[in-house]
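What follows is calculated from the coordinates using simple rules that are stated; it is not laboratory data. A quick note: this is a predicted structure, and the numbers were derived from the prediction, not measured. Here the Cβ is made from the backbone with ideal geometry for all residues, glycine too, and neighbour counts use every protein chain on show.
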Amino acid sequence: MPGCFDGVVPPLIVTCSVQGVPNAANLSQLHYVDASHVALSNQFFSKTTANLADNPRASVLVTDSQTGNTYRLSLRFERSETSGALFEELRASIDAIAAMMGATEIFKLRAADVYRVLDCEHLTGPKIEP
Amino acid sequence: MPQGVDLAAFIEPGVAMLGASADDDLVPEAFRVFGVSWDTDGHLRALISSDATRTLATVKPGTWLCFTFTDMALRSVQVKGRALSDPELPGRADVELMRRYRIKIIAACRTRGLSPLLIEAIRPLSAFAVTVAVEELYDQTPGPTAGARFGEQP
């Protein structure tokens, strides 16, 4: 599912406050870490970050730009990284997106947030021939 | 409805629609929306993909939901509100709404070079309807103002 990680179709992350109010945020890109982890670039996620401090559960909707297949990931937040190889990889990716959009002063990476993937649902839709 | 943005006008040309709810254990579920409408009291009626099985099972009057509407320039608005009723089966008007929305979003995606086949692939096979009283509106456009509430001073 490489088309899920190219950022062509912006993914969505949803968290929930302890009061039960969901909050959605658009993502630039979803990053594959390993078979059981993904990383998200934390740029503007003030509400998302606040919710995760109290409730680590999250849901991400991501669409494969090559096939149209959509997946819903059930995630548990594990940690934020503000330096190191993963952070630098995400920063390079964000910088590239920002340059394409002419928004280098706006798109600044705060942290690479790492999540454990608890479940991955393939959401079916009408089938299209490649 | 909160003031600060003409949501109906923003949505009209065809925008991406996503949403979420959370169950009693505070586990969120993101889902795709394929059309919204307003009743005469200004309540938002959203057509939610039936693959949102947890939402279908847990939404009841008073449950909070959020919806994001994002145009092809990536300008985005988030709406939050509480459900007014249990999920409902779609009616004839809802089916017609989904048909019109499909036409609009395909046209909008063409302006960004996205194939209509992508819309066909993500189009829900079925949907249910949830009506919410909109209480909060947020600017969700990526950037330093993301998350700012419309109608409030920063």
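In the stretch B:3-51, what is the volume of the convex hull around the alpha carbon atoms, normalised per residue and reported in Å³?
Values: hull volume 5.8 nm³, N = 49.
For the stretch B:3-51, the hull spanned by Cα atoms encloses 119 Å³ per residue.
Computed on the stretch B:108-154, with alpha-carbon pairs under 8 angstrom and 6+ residues apart, the relative contact order is 19 percent.
Computed about the Cα centre, the dipole magnitude for the stretch B:20-86 is approximately 180 debye when only Lys and Arg (+1) and Asp and Glu (-1) carry charge, each at its Cβ. Each Lys or Arg adds one and each Asp or Glu takes one away; over the other residues whose Cβ falls under 14 Å from the Cβ of residue B:130, this sums to +1. For the protein assembly as shown, the gyration tensor built on C-alpha atoms gives a rounded shape. Its axis ratio a/c (a ≥ b ≥ c) stays under 1.5.
Suppose every K and R has +1 on its Cβ and every D and E has -1 on its Cβ; what is the size of the dipole of chain A about the Cα centre, in Debye to the nearest 20?
Values: 10 positive and 14 negative charges, 74 e Å.
It works out to roughly 360 debye.
Projected label points at residue A:53 and residue B:110, each 7 Å from Cα along the beta carbon direction, are separated by 4.8 nanometres.
The charge dipole of chain B, taken about its Cα centre with unit charges on the Cβ of Lys, Arg, Asp and Glu (plus for the first two, minus for the last two), comes to roughly 620 debye.
Using the alpha-carbon centroid of each, what span in Å lies between the stretch B:83-152 and the stretch B:4-69? Between the Cα centres of the stretch B:83-152 and the stretch B:4-69 lies a distance of 8 Å.
Considering only alpha-carbon pairs that sit under 8 angstrom and 6 or more positions apart, the relative contact order computed for the stretch B:58-154 is 34 percent.
Taking every alpha-carbon pair under 8 Å whose residues sit at least 6 apart, the stretch B:1-114 reaches a relative contact order of 28 percent. For the stretch B:1-114, taking Cα atoms only, Rg and Dmax work out to 14.1, 41 Å respectively.
Projecting the Cα atoms of B:113, B:61, B:127 onto the charge dipole of the stretch B:12-148, computed from C-beta unit charges around the Cα centre, puts B:113 farthest toward the positive end. Counting charges near residue B:9 (Lys, Arg +1; Asp, Glu -1) among other residues having Cβ under 14 Å from its Cβ returns a value of -1. Among B:72, B:19, A:31, flag the residue with its Cα farthest along the positive direction of the charge dipole of the protein assembly as shown, charges on Cβ as +1 for Lys/Arg and -1 for Asp/Glu. Positive-end residue among those listed: B:72.
Residues with beta-carbon under 12 Å from that of residue B:56, excluding residue B:56: net charge, scoring Lys, Arg +1 and Asp, Glu -1? Write down the numbers at each step before the final one.
Details: positive: B:54, B:60; negative: B:23, B:29, B:51, B:86, B:88.
Value of the local net charge: -3.
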